[in-house]
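The values are calculated or read from the model by the stated rules, or taken from the named source; none is laboratory data. Since we're looking at a predicted model, the values are computed, not measured. Virtual Cβ from ideal backbone geometry, glycine too; neighbours counted across all protein chains shown. The area values use the complete protein model at the heavy-atom level, side chains included, leaving out ligands, DNA and RNA. Shrake-Rupley method; radii C 1.70, N 1.55, O 1.52, S 1.80 Å.
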Amino acid sequence: MSKEGLVAKIWKGKEIKVNILFSMAGIAQHIWVENENGAILFDAGDGILRDIRSSNLKLEKLRSIFIIHGHFDHVGGLHSLLGFLRMIGRKEELSIFAPEGCTEAFYIVENFIECYPATIPFEITLKSIRSQKISKIAGINIEAFPVVHSGGIEGFGVLPEIPAMGYRISYKNEVIAIKGDTGFCPSLENLVKGVDLAIIEATYGCSEGVSEESLNKVHLSEDIAKEIGKLAKDFILVHKGRRNK
(Lines give C-alpha, C1' and ligand atoms only; values in the text may rest on other atoms or scores of the structure.)
Protein backbone atom coordinates (compact mmCIF):
# COMPACT_ATOMS: atom_id res chain seq x y z
CA MET A 1 0.00 0.00 0.00
CA SER A 2 1.31 3.48 -0.77
CA LYS A 3 0.28 6.80 0.66
CA GLU A 4 1.13 9.95 -1.24
CA GLY A 5 1.12 13.62 -0.47
CA LEU A 6 3.04 16.62 0.66
CA VAL A 7 2.03 17.28 4.25
CA ALA A 8 0.66 15.87 7.50
CA LYS A 9 1.06 12.13 7.09
CA ILE A 10 1.03 9.93 10.18
CA TRP A 11 2.17 6.30 10.24
CA LYS A 12 1.76 4.19 13.36
CA GLY A 13 3.62 0.94 13.76
CA LYS A 14 3.64 -1.34 16.77
CA GLU A 15 6.70 0.34 18.28
CA ILE A 16 7.32 3.56 16.33
CA LYS A 17 5.15 6.47 15.27
CA VAL A 18 6.12 8.65 12.31
CA ASN A 19 4.71 12.13 11.72
CA ILE A 20 5.66 13.68 8.39
CA LEU A 21 4.97 17.25 9.39
CA PHE A 22 5.75 18.75 6.00
CA SER A 23 7.71 17.80 2.91
CA MET A 24 7.77 19.81 -0.32
CA ALA A 25 10.83 20.16 -2.52
CA GLY A 26 12.38 23.61 -2.41
CA ILE A 27 10.18 24.67 0.52
CA ALA A 28 10.76 22.55 3.62
CA GLN A 29 10.94 19.10 5.13
CA HIS A 30 10.66 17.84 8.70
CA ILE A 31 9.86 14.32 9.88
CA TRP A 32 9.19 13.44 13.53
CA VAL A 33 9.88 9.84 14.70
CA GLU A 34 9.04 8.78 18.24
CA ASN A 35 8.72 5.84 20.59
CA GLU A 36 7.83 5.66 24.27
CA ASN A 37 11.29 6.97 25.24
CA GLY A 38 11.47 10.12 23.16
CA ALA A 39 11.49 11.63 19.70
CA ILE A 40 13.97 12.30 16.89
CA LEU A 41 13.50 15.05 14.31
CA PHE A 42 14.81 14.46 10.80
CA ASP A 43 15.43 17.81 9.12
CA ALA A 44 14.23 21.23 10.28
CA GLY A 45 12.99 23.21 7.31
CA ASP A 46 11.17 26.52 7.24
CA GLY A 47 8.01 26.44 9.37
CA ILE A 48 9.22 23.72 11.73
CA LEU A 49 7.93 25.51 14.83
CA ARG A 50 4.52 26.12 13.29
CA ASP A 51 4.18 22.48 12.27
CA ILE A 52 5.33 21.06 15.60
CA ARG A 53 2.91 23.28 17.51
CA SER A 54 -0.03 22.72 15.18
CA SER A 55 0.50 18.94 15.40
CA ASN A 56 0.41 19.08 19.22
CA LEU A 57 3.78 17.36 19.49
CA LYS A 58 5.65 17.68 22.76
CA LEU A 59 9.02 19.35 22.38
CA GLU A 60 10.13 17.95 25.73
CA LYS A 61 10.21 14.53 24.03
CA LEU A 62 12.77 15.74 21.47
CA ARG A 63 16.12 14.04 22.04
CA SER A 64 18.01 14.66 18.82
CA ILE A 65 17.95 16.22 15.35
CA PHE A 66 19.37 14.48 12.27
CA ILE A 67 20.01 16.48 9.12
CA ILE A 68 19.78 14.74 5.73
CA HIS A 69 21.80 17.39 3.90
CA GLY A 70 22.46 21.11 4.06
CA HIS A 71 20.10 22.60 1.47
CA PHE A 72 17.93 25.42 2.79
CA ASP A 73 14.67 23.44 2.65
CA HIS A 74 16.16 20.95 5.14
CA VAL A 75 17.88 23.34 7.57
CA GLY A 76 16.02 26.65 7.10
CA GLY A 77 14.16 26.45 10.41
CA LEU A 78 17.00 25.11 12.57
CA HIS A 79 18.02 28.46 14.07
CA SER A 80 14.39 29.28 14.91
CA LEU A 81 13.87 25.91 16.60
CA LEU A 82 16.98 26.34 18.74
CA GLY A 83 15.88 29.87 19.60
CA PHE A 84 12.48 28.65 20.73
CA LEU A 85 14.02 25.93 22.91
CA ARG A 86 16.25 28.60 24.47
CA MET A 87 13.26 30.87 25.08
CA ILE A 88 11.21 28.20 26.88
CA GLY A 89 14.19 27.22 29.04
CA ARG A 90 14.91 23.71 27.85
CA LYS A 91 17.27 21.93 30.24
CA GLU A 92 18.00 18.59 28.55
CA GLU A 93 20.97 18.16 26.24
CA LEU A 94 20.15 18.21 22.52
CA SER A 95 22.35 16.31 20.07
CA ILE A 96 22.44 17.42 16.43
CA PHE A 97 23.84 15.13 13.75
CA ALA A 98 24.73 16.17 10.19
CA PRO A 99 26.72 14.50 7.41
CA GLU A 100 30.44 15.10 7.61
CA GLY A 101 31.15 18.19 5.53
CA CYS A 102 27.62 19.58 5.81
CA THR A 103 28.83 23.16 6.24
CA GLU A 104 25.36 24.76 6.27
CA ALA A 105 24.09 22.83 9.30
CA PHE A 106 27.32 23.23 11.26
CA TYR A 107 27.45 26.94 10.55
CA ILE A 108 23.87 27.49 11.73
CA VAL A 109 24.44 25.67 15.02
CA GLU A 110 27.87 27.16 15.68
CA ASN A 111 26.56 30.64 14.90
CA PHE A 112 23.64 30.14 17.29
CA ILE A 113 26.02 29.15 20.08
CA GLU A 114 28.25 32.13 19.29
CA CYS A 115 25.26 34.51 19.39
CA TYR A 116 24.21 33.40 22.88
CA PRO A 117 27.39 32.12 24.57
CA ALA A 118 26.15 32.58 28.14
CA THR A 119 22.37 32.26 27.90
CA ILE A 120 21.61 28.88 26.35
CA PRO A 121 20.15 26.82 29.21
CA PHE A 122 20.78 23.45 27.56
CA GLU A 123 23.86 21.79 26.11
CA ILE A 124 24.03 21.42 22.32
CA THR A 125 26.19 18.56 21.07
CA LEU A 126 27.06 18.82 17.37
CA LYS A 127 28.29 15.64 15.69
CA SER A 128 29.47 14.69 12.21
CA ILE A 129 27.99 11.49 10.89
CA ARG A 130 29.80 9.17 8.51
CA SER A 131 28.83 6.31 6.21
CA GLN A 132 27.32 3.29 8.00
CA LYS A 133 27.71 4.94 11.38
CA ILE A 134 25.10 3.75 13.87
CA SER A 135 23.87 6.12 16.57
CA LYS A 136 21.51 5.21 19.40
CA ILE A 137 18.98 7.78 20.62
CA ALA A 138 16.03 7.01 22.94
CA GLY A 139 16.75 3.32 22.37
CA ILE A 140 16.40 3.80 18.60
CA ASN A 141 19.25 2.77 16.30
CA ILE A 142 19.92 5.16 13.42
CA GLU A 143 22.25 3.95 10.66
CA ALA A 144 23.53 6.40 8.07
CA PHE A 145 23.60 5.49 4.36
CA PRO A 146 25.44 7.89 2.02
CA VAL A 147 23.36 8.90 -1.01
CA VAL A 148 24.14 10.89 -4.14
CA HIS A 149 22.65 14.37 -4.17
CA SER A 150 23.46 17.54 -6.08
CA GLY A 151 21.59 20.80 -6.13
CA GLY A 152 20.11 22.42 -9.18
CA ILE A 153 19.62 26.11 -9.90
CA GLU A 154 17.71 27.47 -12.85
CA GLY A 155 20.21 28.68 -15.39
CA PHE A 156 23.16 26.88 -13.75
CA GLY A 157 22.15 23.25 -14.30
CA VAL A 158 23.28 20.45 -11.99
CA LEU A 159 25.67 21.63 -9.28
CA PRO A 160 28.50 19.64 -7.61
CA GLU A 161 27.56 16.77 -5.28
CA ILE A 162 27.15 17.59 -1.59
CA PRO A 163 27.35 15.43 1.58
CA ALA A 164 23.96 13.70 1.96
CA MET A 165 22.59 10.79 3.97
CA GLY A 166 19.61 8.50 4.11
CA TYR A 167 18.80 6.92 7.45
CA ARG A 168 17.65 3.44 8.49
CA ILE A 169 15.85 3.61 11.83
CA SER A 170 15.21 0.51 13.94
CA TYR A 171 13.59 -0.07 17.30
CA LYS A 172 12.81 -3.52 18.66
CA ASN A 173 11.44 -5.41 15.64
CA GLU A 174 10.41 -2.39 13.55
CA VAL A 175 12.50 -0.72 10.83
CA ILE A 176 11.93 2.54 8.94
CA ALA A 177 13.99 4.06 6.13
CA ILE A 178 14.13 7.76 5.30
CA LYS A 179 15.72 7.84 1.87
CA GLY A 180 16.53 11.52 1.75
CA ASP A 181 16.97 13.54 -1.43
CA THR A 182 19.03 11.60 -3.92
CA GLY A 183 19.43 10.48 -7.46
CA PHE A 184 19.21 6.80 -8.32
CA CYS A 185 22.27 5.33 -6.60
CA PRO A 186 23.42 1.83 -5.49
CA SER A 187 22.84 2.39 -1.76
CA LEU A 188 19.06 2.81 -2.16
CA GLU A 189 18.24 -0.88 -2.39
CA ASN A 190 20.19 -1.71 0.78
CA LEU A 191 18.57 1.21 2.58
CA VAL A 192 14.96 0.38 1.68
CA LYS A 193 14.78 -3.38 1.16
CA GLY A 194 12.53 -5.18 3.63
CA VAL A 195 11.78 -2.25 5.94
CA ASP A 196 8.34 -1.77 7.47
CA LEU A 197 8.08 1.76 6.10
CA ALA A 198 10.13 3.61 3.48
CA ILE A 199 9.80 7.38 3.18
CA ILE A 200 10.85 8.13 -0.38
CA GLU A 201 11.47 11.46 -2.08
CA ALA A 202 9.72 11.84 -5.47
CA THR A 203 10.39 15.37 -6.63
CA TYR A 204 9.78 14.92 -10.34
CA GLY A 205 6.32 13.96 -11.57
CA CYS A 206 7.70 11.31 -13.93
CA SER A 207 11.03 10.41 -15.47
CA GLU A 208 9.93 11.33 -18.99
CA GLY A 209 11.44 14.66 -19.94
CA VAL A 210 13.95 14.69 -17.06
CA SER A 211 17.62 14.37 -17.96
CA GLU A 212 19.49 11.22 -16.97
CA GLU A 213 21.98 13.39 -15.08
CA SER A 214 19.20 14.88 -12.93
CA LEU A 215 17.69 11.45 -12.17
CA ASN A 216 21.09 10.02 -11.22
CA LYS A 217 22.44 12.98 -9.25
CA VAL A 218 19.64 15.26 -8.05
CA HIS A 219 16.16 13.77 -7.42
CA LEU A 220 13.98 10.79 -8.17
CA SER A 221 10.83 10.82 -10.25
CA GLU A 222 7.55 9.44 -8.96
CA ASP A 223 7.60 6.36 -11.19
CA ILE A 224 11.12 5.40 -10.10
CA ALA A 225 10.30 6.13 -6.46
CA LYS A 226 7.31 3.78 -6.57
CA GLU A 227 9.47 0.97 -7.93
CA ILE A 228 11.93 1.47 -5.07
CA GLY A 229 9.00 1.59 -2.64
CA LYS A 230 8.00 -1.93 -3.64
CA LEU A 231 11.15 -3.19 -1.91
CA ALA A 232 9.59 -2.15 1.42
CA LYS A 233 6.46 -3.45 3.15
CA ASP A 234 4.91 0.02 2.98
CA PHE A 235 6.01 3.35 1.59
CA ILE A 236 5.11 7.02 1.54
CA LEU A 237 6.15 9.39 -1.25
CA VAL A 238 7.24 12.83 -0.05
CA HIS A 239 9.09 15.96 -1.15
CA LYS A 240 7.11 16.37 -4.33
CA GLY A 241 7.83 19.58 -6.12
CA ARG A 242 8.89 19.91 -9.72
CA ARG A 243 5.87 18.53 -11.53
CA ASN A 244 7.18 18.11 -15.05
CA LYS A 245 3.90 16.48 -16.12
State which entries of 17/217; 12/230; 17/233; 12/217 exceed 24 angstrom in Cα-Cα distance in the structure shown.
-> 17/217; 12/217
Given the peptides 151-163, 125-137, 78-90, arrange them by the average over their residues of other C-beta atoms within 10 Å, most packed first.
-> 78-90, 125-137, 151-163
If you line up the long axis of helix 103-115 against the longest principal axis of the chain, both from Cα atoms, how many degrees apart are they, to the nearest 10?
-> 20
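Of the lysine pairs in the range 119-197, how many meet both conditions: Cα atoms under 19 Å apart, and a spacing of 8 or more in sequence or different chains?
8
Only Cα pairs under 8 Å and at least 6 apart count here; give the relative contact order of the chain as a rounded whole percent. The partial results should precede the final answer.
Details: 600 pairs, mean separation 41.2, N = 245.
Computed value for the chain: 17 percent relative contact order.
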Once the convex hull of the C-alpha atoms of the chain is built, how many Å³ does it hold per residue, rounded to a whole number?
-> 115
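Mind listing which GluC sites (Glu not before Pro) in the range 11-95 are in a DSSP loop and have 14 or fewer other Cβ atoms within 10 Å? Mind dumping the intermediate values first?
On the way: sites: 15, 34, 36, 60, 92, 93; in loops: 15, 36, 92, 93.
Listed in order of number, the matching sites are 36, 92, 93.
Roughly to the nearest percent, how much of the accessible area of the range 126-245 is carbon and sulfur, given a 1.4 Å probe? Please list the in-between numbers first.
Values: 2670 of 5240 Å².
Result for the range 126-245: 51 percent of the exposed heavy-atom area is carbon or sulfur.
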Helix 78-87 sits at what angle to the longest principal axis of the chain, using alpha carbons and giving 0 to 90 degrees rounded to 10?
-> 20
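By DSSP, what percent of the beta bridges with both residues in the chain are antiparallel, rounded to the nearest 5? Spell out each step's value before the answer.
Working: 36 of 61 bridges.
The antiparallel fraction comes to roughly 60 percent.
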